[in-house]
Amino acid sequence: MMKTALSFVLACGLLSGFTGRSSLFLPKGEIQDGLPGAFPRELVQFEPAGKAPVFAGTGIDTWDEKIRERGYILREGSTWHLWYTGYRNEKNAVLHLGYATSPDGIRWTRYAQNPVHDQGWVEDMCVVKSGNTYYMFAEGKDDIAQLLTSTDRVRWTEKGPLDIRYRDGKPLSEGPRGTPAVWKEGNTWYLFYERRDEAIWVATSRDLSTWTNVQDEPVLKAGPEPYDRYGVAMNQVIKHKGLYYGYYHATAFSDWREWSTNVAVSKDLIHWTKYERNPIIGDDKSSGILVHDGTRYRMYTMHPAVYLFYPKP
């Protein structure tokens, strides 16, 4: 969601210096006692590849003069694919969807016919490939999660807003439901979403038509630690050695002026324990996602430009 203080509230970035102890969403000690080494070094300790971003807005008068919020990267074979949100640096700018490719995840080439989708508002996207179809879960206007599909990564078809329901089947109350992050396991899709960045909920679906809350209480809340006291939103879920890792952005500021990249672990996608040394990346960089390069995981932070981080040796 992450809007600005000028339009709604804009945010990116870090909370340098905040560490704090984690708040546990399992009975005390369950993760630590039952999952020794639950936060392996290669998933939580990173160093920058350089000072400059590997991808950013053009900085000139183009539709993607600036980029913002969560872009998404998939690596398929020898090609890396990046989807991003571009906009002009002007009041009431409309956000559109861009696409770029790379042979190494470092040198990126914008698609010549960008933007690839300019019929509607698209930001904070998450892309999942299932079969021969790419499913893009993204925020639309007013922070309402939506679905788009493609078979070629370039031409996208809008499928409309996500129909999210409470556990009893009643429609979710009016208001934002944004930053959709999706994990698919078997025939079940798991949707993580936030409402005003106050907390994270999870809903499931088998048909991508109706999503039902697993529980009506959040699965991850803001605070009480300083670094995530005023906002949280899930960016990505991965599975590593039998455990789930949720990478989320968070802010320590009530005006949302700065955000950081953080991680939590879970056995079941519902009960999460935050890493006690969060944030894992600060310095005004957020919306982090992991991409495996065939040898190791890389961390990319996507807002306000794309920065690359490698695991610390």
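Please enumerate the residues belonging to the stretch 271-288 that are under 20 Å from residue 38 (Cβ atoms) and either in a strand (DSSP E or B) or of a type in the set (Lys, Arg) (or both).
272, 273, 274, 277, 281, 288 - these are the residues of the stretch 271-288 that are under 20 Å from residue 38 (Cβ atoms) and either in a strand (DSSP E or B) or of a type in the set (Lys, Arg) (or both).
Is there any pair with a first residue in the stretch 37-60 that is surrounded by 15 or more Cβ atoms within 10 Å (Cβ to Cβ) and a second that is in a helix (DSSP H, G or I) whose Cβ atoms are under 8 Å apart and which are 6 or more apart or on different chains, and what are they?
38/31; 38/32
Just checking, which of 214, 265 is crowded, with 19+ Cβ neighbours inside 10 Å, β-branched (Val, Ile, Thr) and touching a strand residue (DSSP E or B) at 6+ places or on another chain (Cβ under 9 Å)?
Of the residues listed, the single one that is crowded, with 19+ Cβ neighbours inside 10 Å, β-branched (Val, Ile, Thr) and touching a strand residue (DSSP E or B) at 6+ places or on another chain (Cβ under 9 Å) is 265.
Could you tell me which numbered condition residue 302 fails, if it satisfies all but one of (1) under 16 Å from the mean Cα position of the chain (by Cα); (2) surrounded by fewer than 17 Cβ atoms within 10 Å (Cβ to Cβ)?
Result: residue 302 passes all but (2).
Hey, among the residues in the stretch 232-262 that are small (Gly, Ala, Ser) and not in a strand (DSSP E or B), which one's surrounded by the fewest Cβ atoms within 10 Å (Cβ to Cβ)?
The qualifying residue surrounded by the fewest Cβ atoms within 10 Å (Cβ to Cβ) is 242.
Could you say whether any residue in the stretch 195-215 is farther than 21 Å from residue 166 by Cα and among the basic types (Lys, Arg)? Break it down into steps so the answer makes sense when it comes.
Here is the first cut: in the stretch 195-215, the ones farther than 21 Å from residue 166 by Cα are none.
No, the conditions are met nowhere in the stretch 195-215.
Could you tell me whether residue 112 is at pLDDT 95 or above, of a type in the set (A, V, I, L, M) and surrounded by 18 or more Cβ atoms within 10 Å (Cβ to Cβ)?
no
The values are calculated or read from the model by the stated rules, or taken from the named source; none is laboratory data. Just so it is clear, the structure is predicted and the values come from calculations on it, not from any experiment. A quick note on method: Cβ atoms are made from the backbone with ideal geometry, for glycine too, and the neighbour counts reach across all protein chains shown.
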